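The values are calculated or read from the model by the stated rules, or taken from the named source; none is laboratory data. Being a predicted model, the structure only gives us computed values, none of them experimental. All Cβ positions, glycine included, derive from the backbone under ideal geometry; neighbour counts span all protein chains shown.
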Amino acid sequence: MSKADAQLLSLDLTAQAALLAAGEVSCTELIEQQLAAIAASQVQINSYIHVDAEGALAAAAQSQQRRQRGLARPLEGLPVAVKDNIDVAGMVTTAGMETRRHSAVASSDNPAVGALRAAGAVTVGKLNMHEAAMGADNDNPFYGACHNPHRHGYTPGGSSGGSGAAVAAGLCAAALGTDTMGSVRIPASYCGVVGLKPSWGAISTRGTVALCRRLDHIGPLTRSARDLRLLLQLMSGFDPDCAQSRFIQYAAPDAEGLRIGVVDLFDATDIAPDVQAAFEDGLRVLVGLGHQLKPLPAPAFASARARRAGLLMSEAELLVEHAEAWAADRSKFSPLLVKLMSWAEGRSAAELAAASQLADRGQVQLQQWLARCDVLVMPTAPQRAFAFGTPAPASQADLTAYANLAGNPALSVPLPVAAGELPAGMQLIGNVGDELTLIALAEAFQHAIGWQPALPEACKTWWPK
């Protein structure tokens with residue numbers, strides 16, 4: 001087994017790029033070490049569904065030649081990985097489903113993937129996910145459970161669990177995920193990394209397996225907030241071939257003297273006491289940075305109702321997205337997904353319209369809060385990661401669903417936790433186009449707490465020597 005330098009692979013994308021630019025490590029060396037770490041991790045973490053070792057090494061060699069000729073692009077030679085419901089040319093897009101295991105390979109990249117590859121990124125493979133993106137524990141019955149790198153046997157969150165786990169464990173410099181009601185931010189929170197759900201339409205979703213077109217977003221996961229600025233810039237842009245694409249004008253970052261909205265959530269959702277305590281510590285850091293906390297009223301529209309509305313919309317759209325496979329052989333769907341889709345089959349058009357109206361109420365609720373502050377701050381998830389075999393908390397997406405219903409940008413940044421504790425996240429939500437302010441605020445927060453990317457202690461048990 002090849003050697004993998006834990007110190008190198010734990011660095012964030014920005015730091016790895018600096019080492020490549022300085023010639024302290026070559027693109028080929030970086031990818032070789034990345035592949036060695038991935039191979040060693042699979043038994044314990046299982047974050048990848050497919051690894052394209054041959055393609056990655058060929059791309060790394062080309063990137064090294066470009067660097068030697070002085071033609072390096074912004075992401076030249078940096079390893080990225082992609083959730084397996086997003087198309088990468090030459091790779092099968094399974095969406096974590098048995099029905100798609102033997103599908104033809106994608107003929108073209110999703111625009112965001114294409115933009116990263118055009119910037120020099122090396123796509124090392126496709127990442128594990130919850131079946132059809134319909135869930136948040138990534139206990140996949142067909143491709144195996146993906147484990148939290150901080151604690152084996154625990155969920156990394158979902159549905160982009162492979163993305164969160166791979167970034168946290170140093171198995172790629174950055175990953176792409178999709179977020180329908182929190183599926184980028186929940187894994188970011190559970191795995192202790194940064195995850196951004198941009199404004200709806202900012203990143204084209206063409207070339208993805210949809211869950212719910214009104215709610216779906218593509219977003220990056222990274223080890224530090226500073227990495228997001230470049231990735232967002234590269235992946236954003238209006239796509240005339242995508243009905244969900246919008247031109248988003250990003251506002252200039254403003255991270256000084258912000259009014260930080262804090263909602264009274266005590267009776268609205270069941271937040272674990274330890275998560276609430278970590279969140280309150282995070283609020284004190286924001287105050288120390290010169291921001292003003294602004295108390296906001298409890299939700300008039302309960303987050304659980306918003307989440308359930310989004311769930312019905314997603315279940316109904318699954319029936320359309322997977323109609324052919326659903327009609328052919330339901331045994332290739334997990335029993336849980338069969339239950340969810342069968343339930344949606346029995347709903348009326350009026351019930352679906354009512355769910356859409358409930359989603360509108362969730363959007364209004366978020367707009368009302370943001371009208372009274374600059375950035376809304378709340379825990380990302382009401383709990384930390386839980387063990388497989390434990391029922392998934394119904395409240396997992398209660399605090400993340402609002403931003404999907406409204407299409408607003410939201411970012412999860414790790415909170416400081418004691419050694420040996422599982423991670424927890426703080427969610428920052430802004431107005432449409434406020435991504436750069438959220439990123440700047442998260443970066444300032446990480447600087448204030450002395451955040452340094454590091455591999456989870458549990459990774460030492462399988463890391464290649």
Over the stretch 289-322, the set of residues loosely packed, with under 14 Cβ neighbours inside 10 Å and farther than 13 Å from residue 132 by Cβ is 290, 292, 295, 297, 298, 300
The one condition residue 394 fails out of (1) touching an Asp or Glu at 6+ places or on another chain (Cβ under 8 Å); (2) hydrophobic (A, V, I, L, M, F, W, C); (3) more than 24 Å from residue 237 (Cβ to Cβ) is (1)
request  = Scan the stretch 185-196 and give yes if some residue there is polar (S, T, N, Q), under 18 Å from residue 376 (Cα atoms) and crowded, with 22+ Cβ neighbours inside 10 Å, otherwise no.
outcome  = yes
Across the stretch 217-259, the tally of residues that are of a type in the set (Asp, Glu) and closer than 27 Å to residue 12 by Cβ stands at 3
| request: Taking residue 420 as the residue in question, decide whether it is more than 24 Å from residue 236 (Cα to Cα), of a type outside the set (Phe, Trp, Tyr) and outside any strand (DSSP E or B). | output: yes
Residue set 124, 82, 113; condition touching a Cys at 6+ places or on another chain (Cβ under 8 Å), among the aliphatic types (A, V, I, L, M) and more than 21 Å from residue 22 (Cβ to Cβ); output residue 124
Q. So is residue 405 surrounded by 15 or more Cβ atoms within 10 Å (Cβ to Cβ) and within 22 Å of the chain's Cα centre (by Cα) or not?
A. yes
Scanning the stretch 251-286 for residues that are touching a residue at least 40 places away in the same chain (Cβ under 8 Å), of a type in the set (D, E, K, R) and not in a helix (DSSP H, G or I), the one nearest to residue 395 (Cα to Cα) turns out to be 270
- Residue in the stretch 287-302 that is at pLDDT 95 or above and assigned to a helix (DSSP H, G or I) present: yes
Exactly one of 236, 245 is within 24 Å of residue 110 (Cβ to Cβ), in contact with a Gly (Cβ under 8 Å, 6 or more places away or on another chain) and not β-branched (Val, Ile, Thr), and that residue is 245
- Within the bounds of the stretch 348-370, is there any residue that is surrounded by 17 or more Cβ atoms within 10 Å (Cβ to Cβ) and part of a loop (DSSP other than H, G, I, E, B)? no
Exactly one of 421, 443 is out of contact with any Gly (no Cβ under 8 Å at 6 or more places or on another chain), surrounded by fewer than 23 Cβ atoms within 10 Å (Cβ to Cβ), under 24 Å from residue 226 (Cβ atoms) and among the acidic types (Asp, Glu), and that one is 443
Scanning the stretch 432-465 residue by residue, those under 30 Å from residue 373 (Cα atoms), touching a residue at least 12 places away in the same chain (Cβ under 8 Å), not polar (S, T, N, Q) and not in a loop (DSSP other than H, G, I, E, B) turn out to be 435, 436, 438, 439, 440, 441, 442, 443, 444, 445, 448
Note to self: Please determine whether any residue of the stretch 227-241 is of a type outside the set (D, E, K, R), surrounded by 24 or more Cβ atoms within 10 Å (Cβ to Cβ), under 16 Å from the mean Cα position of the chain (by Cα) and at pLDDT 95 or above.
What the structure shows: yes
Residue hits (the stretch 114-134; surrounded by fewer than 24 Cβ atoms within 10 Å (Cβ to Cβ) and either among the β-branched types (Val, Ile, Thr) or within 21 Å of residue 338 (Cα to Cα) (or both)) are 123
When residue 80 is run through (1) surrounded by fewer than 18 Cβ atoms within 10 Å (Cβ to Cβ); (2) of a type in the set (A, V, I, L, M); (3) part of a strand (DSSP E or B), the failure sits at (1)
- Query: Is it the case that some residue within the stretch 225-245 is basic (Lys, Arg) and either in contact with a Ser or Thr (Cβ under 6 Å, 6 or more places away or on another chain) or assigned to a strand (DSSP E or B) (or both)?
  - Reply: yes
Expected single match for of a type in the set (S, T, N, Q) and crowded, with 16+ Cβ neighbours inside 10 Å among 342, 395 is 395
Check: Does the stretch 88-109 contain at least one residue that is buried (at least 19 other Cβ atoms within 10 Å of the Cβ), touching a Gly at 6+ places or on another chain (Cβ under 8 Å), under 29 Å from residue 22 (Cα atoms) and not small (Gly, Ala, Ser)?
Finding: no
Log entry, pairs with first residue in the stretch 35-49 being at positive phi, second being outside any helix (DSSP H, G or I) and polar (S, T, N, Q), beta carbons closer than 8 Å, six or more apart or on different chains, reads 46/128
For helices (runs of 4 or more DSSP H) lying entirely in the stretch 99-197, having 3 or more residues that are of a type in the set (Gly, Ala, Ser) picks out 111-118, 161-168
